[in-house]
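Notes follow the structure.
We did not get these values from a lab; they are worked out from the coordinates using the rules stated. On a predicted model such as this, the values are computed, not experimentally measured, just so you know. Here the Cβ is made from the backbone with ideal geometry for all residues, glycine too, and neighbour counts use every protein chain on show.
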Amino acid sequence: MKRVVITGAGTINALGHDVPSTLESMREGRCGIGDLEFKDVERLSIRIGGQVKGYDPVARFNRQQLALYDRFTQFTLISAREAIRQAGLEFTGELAARAGAILGNSGGGMTTLDENYRSVYEEGKNRVHPFVVPKLMNNAAASHLSMEFNLKGPTFTVSTACASSNHAMAQAFQMVHGGITPVMVTGGSESMLCFGGVKAWEGLRVMSRDACRPFSANRNGMVQGEGAAIFVFEELEHAKKRGACILAEVLGFAMTSDAADIVMPSKQGASRAIEGALRDARVNRDEVGYINAHGTGTAANDKTECAAVADVFGHHADKLMITSTKSMHAHLIGATGAVELLACIMALRDGIIAPTIGYEEPDPECALDVVPNEAREAQVEVALSNAFAFGGLNAVLALRRFA
Amino acid sequence: MSTIQDRVIAIIAEQAVLEPADVTLDSTLEDLGIDSLGLVESIFAIEEAFDISVPFNANEPEKSDFDISSVRSIIAGIERLIAEQA
C-alpha cells in the first residue's frame, strides 16, 4: 500500500481568506462568529454565524463564471487555487488522466435555491435564470474544480451532512493509498448562510443565539458557518521525487454508522469509528496527542463525544488534548472536517494546538483537556479528526507528523 | 428609448463579451462564440428585457418556432413576439 501525504492546503472561512490567516486566527484564539448579514435576517431568531466577511466575488471571478458559480463553488475554487499552487502541481497527460477530486458538501447551492424560490414564490415571477440547476447541484463545485485544473480521474461529491468532508477525504486517501492515482484533490465546501438555510436549522432548536461554547457547562447549541478547505493528497514517493513540501501524513481512517437515530449521536458509533481509525492507521492509542473534536457545542454531542473518547483511550484520555475549533469558525456542516483538518496540520507541523474558545464553566461530563481559550505549544506525533453526522454517520481520520 | 434591435444586440454582445458594434445582423451565434449555455442565457435575458416568452427548446432548436440562425432572424422573431403580445 502507498503512503499518503498532504502537499497542499487552501481555505476560505470566517477566520481567514487563506490558510496562513486562518491558522493565525486559530493560534490567537480569535472568534470568527458575528452578526449574519443577508436579506430578511431580521425575520430569524438565530442571527449569528461564521460568515465569510469582506469577500468580493467580482474580484475573484468574471461575470460568466459568477453566472454559474454558487457561493459554495466559489469557496471551493478559491481554496483549490491556494492548495494546488502550494503543491506546485500541474495536471497534464498521465497525471491529469488519473487525478480527480472528491469533495464533501451537504446543502448544495442553498443560496441559489433560496434566491430563486424567493423570486417565484414571493415575487411571483414565472421565469428563473437558466443556470439554476447547474448552479445548485451538489456536484457543481467538484465539476468546476475538475474543469479549472484539468482533473480527469474519479471526481464526485459525498453528502453525509456534518461528516461529508471526512468521508470525502477518507475516500480520496483510499484511492491514493490503493494506487489508483498518485494525486487526489479533496476537502469540502458549504454555504448555507441564507434566510431559508438558517430558518430550516432554527426549526431544530439546536442553535445558539449567542456563541458556540463546546465542552463548557453553559453551552447552548451550535452556530453555523460557511466556507471551504481543499487539500492535495499525494503518494509519498511521488511527492518526494518532485521535492514537494509535505504538511503531514494521512495514516488511515474509519467510518461507522450508528444505525440508531436520525439526529441523536451514539457513543458506540463514535467510539467504533475512533477505534477503527487507530487500527487502520496502525497506531497505539498513547501515540495520539491531539483530537480535533466534532465538538458542536450542543448538549448531546459534546458529552457523547467525550464519553466515547474516554472509553477508547482509557487513562490516556486524560493526557491527550481535544479541542473544538468550531468555537471559532463555527460549524461548516459539509465542509467542517476539511477546515478542521487545518487545525490537525497546525498541531502536527507547527506544534501549536488550536484552543476551544468560549470556554467558561467546566462540565463534569466533558472532563478532558479541551485547551480552553488559549492555544498551547506541544509536540504531537499523531492527531485524529472526528466527524459525527446527523443520520448517525461517523468518519474519523488519523494523521501523523511528517519528519 | 433604443430600438428592439439595439437592445437585442446589446444583450447578445454582453453574452459574447464583445462591443455592440462588433455584432452584425448577419452574425451567427457560432460566429460570436456563444455556446448552448450562452444561448439559453441570452434567451432568458431577452425574455426578462421584453417581458415575453420565447418558444425555444434546446433539445430541438430546429423545431422551435423561433429562428436562431442569425442575429437578424432572432431580432425578427422577437419583434413578432412583441407584436403578438401587444
Listed residues A:Arg242, A:Arg272, A:Arg349; largest mean-square fluctuation, Gaussian network over chain A with Cα springs below 10 Å, found at A:Arg242
Candidate span helices, chain B: DSSP H, at least 15 Å along axis from Cα coords, Kyte-Doolittle average at least 1.0, result B:36-50
Counting other beta carbons within 10 Å of each Cβ, put A:Met192, A:Met321 in order, fewest first. A:Met321, A:Met192
Förster-model FRET efficiency, 51 Å R0, A:Gln379 and B:Ser36, C-beta, rounded to 0.05: 0.35
Applying the Karplus parametrisation 6.51 cos²θ - 1.76 cosθ + 1.60 with θ = phi - 60° to the phi angles of segment A:27-35, what ³J(HN,Hα) value in whole Hz is obtained for each residue in order, glycine and proline being reported as x? 5, 7, x, 7, 9, x, 8, x, 5
Quick one: order A:Cys366, A:Cys31 by neighbouring beta-carbon count within 10 Å, fewest to most. A:Cys31, A:Cys366
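Assuming R0 = 45 Å, can you tell me the calculated FRET efficiency for the pair A:Arg43 and A:Glu237, based on Cβ-Cβ distance, to the nearest 0.05?
E between A:Arg43 and A:Glu237, to the nearest 0.05, is 0.20.
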Distance between segment A:167-184 and segment A:131-157 - C-alpha centres, whole angstrom: 18
Once phi is turned into ³J(HN,Hα) by the Karplus curve 6.51 cos²θ - 1.76 cosθ + 1.60 with θ = phi - 60°, what whole-Hz value does each residue of segment A:2-8 show in order, with x for glycine and proline? 7, 7, 10, 10, 9, 10, x
Mean-square fluctuation maximum in Gaussian network of chain A, Cα pairs under 10 Å, restricted to A:Met175, A:Met328, A:Met26, hits A:Met175
Looking only at A:Lys39, A:Lys152, A:Lys319, which one moves most when chain A is put into a Gaussian network model with springs between Cα atoms under 10 Å? A:Lys39
So for chain A, using the alpha carbon gyration tensor with a ≥ b ≥ c as root eigenvalues (a/c under 1.5 gives rounded; past that, a/b versus b/c decides prolate or oblate), I'd call it oblate
Neighbouring partner chain Cβ atoms per residue of B:37-48, average, 10 Å criterion: 3
For segment A:39-186, what class follows from the C-alpha gyration tensor (a ≥ b ≥ c being the square roots of its eigenvalues): rounded when a/c is under 1.5, otherwise prolate if a/b is larger than b/c, else oblate? prolate
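Go through segment B:1-69 and name the GluC sites (Glu not before Pro) that are in a DSSP coil and have 16 or fewer other Cβ atoms within 10 Å of their Cβ.
Working: sites: B:Glu14, B:Glu30, B:Glu41, B:Glu47, B:Glu48, B:Glu62; in loops: B:Glu30.
Within segment B:1-69, the qualifying GluC sites (Glu not before Pro) (loop, at most 16 other Cβ atoms within 10 Å) are B:Glu30.
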Mind giving me the FRET efficiency for B:Glu14 and A:Asp210? R0 is 41 Å, r the Cβ-Cβ distance, nearest 0.05 is fine. 0.35
Chain B - charge dipole about Cα centre, Lys and Arg +1 at Cβ, Asp and Glu -1, debye rounded to 20: 180
Using the basic label-point model (7 angstrom from Cα toward the beta carbon), what is the A:Lys199 to A:Glu123 distance in nanometres? 1.6
Could you check the simple spin-label distance between A:Thr92 and B:Asn57, using points 7 Å along Cα→Cβ, in nm with one decimal? 4.5
Given axes a ≥ b ≥ c from the Cα gyration tensor, I'd like to know whether segment A:9-59 is rounded (a/c under 1.5), prolate (a/b larger than b/c) or oblate. oblate
Given the DSSP H assignment, sum -39500 (n - 2.57) over each helix run of at least 4 residues in chain A and divide by its residue total; what's the result at 222 nm in deg cm²/dmol, nearest 500? -10000 deg cm²/dmol
Long-range HN-HN contacts of A:Ala367 with modeled amide H, under 5 Å: none
Stretchable slack from B:Asp22 to B:Ile4, in nm (0.36 nm times residue separation minus alpha-carbon distance): 4.8 nm
